[in-house]
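Reviewing the structure listed below.
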Amino acid sequence: MVDNQADIDLFYRIKNGDKGALEVVFLKYYDPLFAFAKSFLNPSDAEEVVLDIFFQLWQKKEIIKIYVSLKGYLYAAVRNRCLNHIERNNKKNERLDQVEYQLSEKLDVQPDELMMYKEIQNELDFLIDQLPSQCKVIFKLSRDEELSHKEISKIMEISVNTVNTQIYRALKYLRSKLFSEVSEKL
């Protein structure tokens, strides 16, 4: 019970803008939450989910309500985010399967063309992971979460112009790398 009370105190300090309290919570819960997330996802995705939970805890501190315990809230948030990630990946895989089917059935696409499409998609995913952290987060919020530039600017507490610039830079980088990769293969 003492530990729960300490967590409640830390949470109220976070709500009041105390970054030191957030750091204490991060140091206390990062490793166990990461291990928990890895039971659902690969280590890279698990780390991204856990870091995002702490980011959201800070960004939405004024509106988050914790009814039982901070620990319970964090574990539930990680679990839900992992399940959403799995569902999103399943939908992405379903869309890829649909595209493959449409390409092969309706357009009479050859298997080597499908393989090339998959390679490009894998390369694109790899290149997105290479973007600088803020740029990658903004790009994924735009493309994966389908948020508007205005919504992203509110979430990240940056200007819409910054969001536009980061997405422009991401697209420019991805185009240049993809086209150089494709031209090398040809």
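The values are calculated or read from the model by the stated rules, or taken from the named source; none is laboratory data. As the structure is a prediction and not an experimental result, all values here were calculated from the model. Don't worry about glycine lacking a Cβ; one is built from the backbone with ideal geometry, like all the others, and counts go over all protein chains shown. For accessibility, only protein heavy atoms count, side chains too; no ligands or nucleic acids. Shrake-Rupley method; radii C 1.70, N 1.55, O 1.52, S 1.80 Å.
Worth a mention:
- Accessible surface, the stretch 8-47, averaged per residue in Å² (probe 1.4 Å): 58
- Distance from the Cα centroid of the stretch 50-87 to that of the stretch 122-146 is 21 Å (rounded to whole angstrom).
- Theoretical FRET efficiency, 1/(1+(r/R0)^6), r = Cβ-Cβ of Ser39 and Ser69, R0 22 Å, to 0.05: 0.60
- For the residue pairs Lys140/Lys177; Lys118/Lys154; Lys28/Lys60; Lys71/Lys150; Lys60/Lys177, alpha carbon separations beyond 24 Å are given by Lys118/Lys154; Lys71/Lys150; Lys60/Lys177.
- Projected label distance in nm at Tyr30 and Thr162, using a 7 Å step from Cα toward the beta-carbon: 2.2
- Cα-projected label distance for Ile86 with Lys154, points at 7 Å along beta-carbon direction, nm: 3.1
- Estimated distance in nm for a label pair at Gln5 and Gln134, the labels positioned 7 Å out from Cα along Cα-to-Cβ: 4.2
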